[in-house]
1. Modelling each spin label as a point 7 Å along the Cα-to-Cβ direction, I'd like the Glu73/Leu88 distance in nm, to one decimal.
2. Express in nm, to one decimal, how much length is gained between Asp109 and Glu52 on full extension, taking 0.36 nm for each residue of separation and deducting their alpha carbon distance.
3. Let me check I have the definition right: for segment 3-119, take the eigenvalues of the Cα gyration tensor, multiply each by 5, take square roots. What are those semi-axes in whole Å, largest first?
Amino acid sequence: MKDEKSILYVQTSDQPERQYSPLVLAQTAKAMDLNPKLYYLGQGLRILKPGEAEKIKLGTFPSVMDMIKKTQEMGVEIYVCEASKQMLGWEKAELIPGVKIVGAATLNDLALEAGTTMWF
């Protein structure tokens with residue numbers, strides 16, 4: 001069932017300058033009483049290894065880790081692709097707390113349910 005108030009933000013990149021947009025948009029969506037969700041896929045997972053997001057701080061923004069924590073504190077779910085973990089060779093890799101590791105079918109389900117999907 002489609003949720004027109006749901007927005008799915010898919011992060012596929014580990015480039016520092018591409019990290020802020022989905023987090024800012026998800027926080028803004030939550031403040032607008034929408035239902036944002038974040039899904040990390042492919043190279044985007046590299047940001048979720050402990051210590052990585054703390055290293056990224058651009059302009060006057062807080063670190064990416066601070067942005068992720070705030071996003072989680074606002075109640076936004078962060079999903080991580082299990083297949084991408086395997087692709088990166090991270091069978092036992094530790095990721096930051098609070099993310100949900102899910103199968104590839106979850107991305108399809110989330111996209112079908114969302115009112116709109118944005119990719120980064």
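Every number here is computed from the coordinates shown, using simple stated rules; none is lab data. None of these values were measured; they are calculated from a predicted model. Here the Cβ positions follow ideal geometry from the backbone for every residue, glycine too, while neighbour counts run over all protein chains shown.
1. Between Glu73 and Leu88, the label points sit 2.5 nm apart.
2. Details: separation 57, 0.36 × 57 = 20.52 nm, distance 2.87 nm.
Length difference between fully extended and current span is 17.7 nm.
3. Values: eigenvalues 82, 71, 25 Å².
For segment 3-119, the ellipsoid semi-axes come out as 20, 19, 11 Å.
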